[in-house]
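Q: Before I ask anything, let me first share the structure, which is written out below as structure tokens.
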């Protein structure tokens, strides 16, 4: 598998925006640049695994990928908070 430099920049940009959005929704603040990218990319992985199994399709394009990744990141952060926080949202 080969990812071009532009493709890598798009992945990092989508991860940064999605992680920042998820941080704002779940926690009220972001996690820093690196944390936002990691959370956003992990959220994209969660969404790409979970959404097709549920039959959810948002669309194509950069904006839909950001929304898709942000929703996955919010789900990921809620599950992490549920496990770490003793069941409190």
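Q: Mind listing whichever residues of the range 12-50 are closer than 11 Å to residue 69 by Cβ and more than 11 Å from the chain's Cα centre (by Cα)?
A: 13
Q: Give the residue that is surrounded by the fewest Cβ atoms within 10 Å (Cβ to Cβ), with candidates limited to residues of the range 9-49 that are in a loop (DSSP other than H, G, I, E, B) and free of Cβ contacts under 8 Å to residues at least 40 places away in the same chain.
A: 28
We did not get these values from a lab; they are worked out from the coordinates using the rules stated. These numbers come from a predicted model, not from an experiment. Backbone-built Cβ (ideal geometry, glycine too); neighbour counts: all protein chains shown.
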